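J.: Please find one structure pasted underneath; my questions will follow.
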Amino acid sequence: MSELPIVLHVGAPKAGSSALQHELTWRPRRPLVGRPGVCCEYVAIDASGELLRGDALEGFAALFAARYCMSAGLDDLARLDPARLRAAAGELAALRAAGTIPVLSYELWLHAGREAIDRFASLLGAPLRVVAYLRDPVSWLRSLYWQRRRPPEGPRGAWIAEHAAWCRWSDHIARWRAAPGVERVDVRLADRSVPRDFASLLGFEPDSTDALVNPGVSGEFARFLERHRVGPALHVSEAKFAWSRWTAAAGVADDFDPTPAVFDPAELATILAATDGATSALLGQCDAAPA
């Protein structure tokens, strides 16, 4: 049997990550179809460098509004003593030697800088398979606007200029392709069930049903944000999880009408102009079907 890789799901944010992380947290170990003795296992490296498995994943999820577990950001891990990450890498190596492919996930790994990516990949010291799910820049920025980083009142030009770089996907994919130990990068479209697509990609059976974990912002919640200008202490995505759980518990329909439109035609043209070259380059970084 050839050396088993570590699978890194690197994002992007707002592209099915929550659904995937939720499904894997609550059923982390999956046998591979047609490969007797080989499994995938979802694990996480937390901000202290500890490798979380099994019940530890559920313990993390119990303290998080979204009820799932994910690894820490690369900036947090970069601040650790390298010995902590080498210890986690040793545990991952033991799993691989026993016939298990470790799967780690964090939605903002895609946007990490070159130095942090290279350091993390080098410390893992294993063959790496990187998986990224992407959306078109316009719908992705619209989702980002409502759920994470809304600009102050007034013109949105500066906000668009800053955040359009976030969805120049080919720039981010290129950094991961060049990282030490990366043998394969799968670029996928988040245009269907990401957990099911991920299962088919790695070769294990998906769950029988898809859980709706992190839906888009509803029109009612968007207007709530407009009426109440929230300060930086409130994490809007976290608040949305709480809102969704409250509406479900109260039996309130949260589909009053669609989220309000965001960008005007001139702003749409700016977004497309800023991302067109990177989107074209992306075609050469993915397989035929996603292209």
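J.: Ignoring ligands, DNA and RNA, what accessible area per residue does region 97-202 give at 1.4 Å, in Å²?
T.: Here the residues of region 97-202 average 39 Å² of exposed surface.
J.: Quote the FRET efficiency, to the nearest 0.05, computed for A273 versus A174 with a Förster distance R0 of 22 Å and r equal to the Cβ-Cβ distance. Don't skip to the answer; put the middle values down first.
T.: Values: r = 20 Å, r/R0 = 0.93.
With a Förster radius of 22 Å, E is 0.60.
J.: At 0.36 nm per residue, and after removing the present C-alpha to C-alpha distance, how many nm does the segment from D55 to D287 gain when stretched out fully?
T.: Numbers: separation 232, 0.36 × 232 = 83.52 nm, distance 3.63 nm.
Gain in length upon complete extension: 79.9 nm.
J.: Sorted by mean Cβ packing within 10 Å, highest first, what order do the peptides 13-25, 172-184 take? Could you put the intermediate results ahead of the total?
T.: Working: 13-25: 24.5, 172-184: 17.1.
Output ranking for 13-25, 172-184: 13-25, 172-184.
J.: Can you give the charge dipole size of region 1-132 about its Cα centre, rounded to the nearest 20 debye, using +1 on the beta carbon of Lys and Arg and -1 on the beta carbon of Asp and Glu? Present the calculation step by step, with values, prior to reporting the outcome.
T.: Values: 14 positive and 14 negative charges, 69 e Å.
Computed about the Cα centre, the dipole is about 340 debye.
J.: Mind putting together the pair-distance distribution for region 17-145? All Cα pairs, 10 Å bins, whole percent per bin, short to long.
T.: With a bin width of 10 Å, the distribution comes to 12, 40, 36, 11, 1.
J.: If you don't mind, another one. With the Cα gyration tensor of region 1-76 in hand, give its eigenvalues times 5 under a square root as the equivalent ellipsoid semi-axes, listed largest first in whole angstrom. Intermediate values should be presented prior to the final figure.
T.: Details: eigenvalues 98, 41, 37 Å².
They are 22, 14, 14 Å, listed from largest to smallest.
The values are calculated or read from the model by the stated rules, or taken from the named source; none is laboratory data. Source: prediction; values computed, not measured. Because the Cβ atoms are built from the backbone with ideal geometry, glycine has one as well, and the counts that use them run over all protein chains shown. All accessible areas refer to the heavy atoms of the entire protein, side chains included, with ligands and DNA or RNA removed. Shrake-Rupley method; radii C 1.70, N 1.55, O 1.52, S 1.80 Å.
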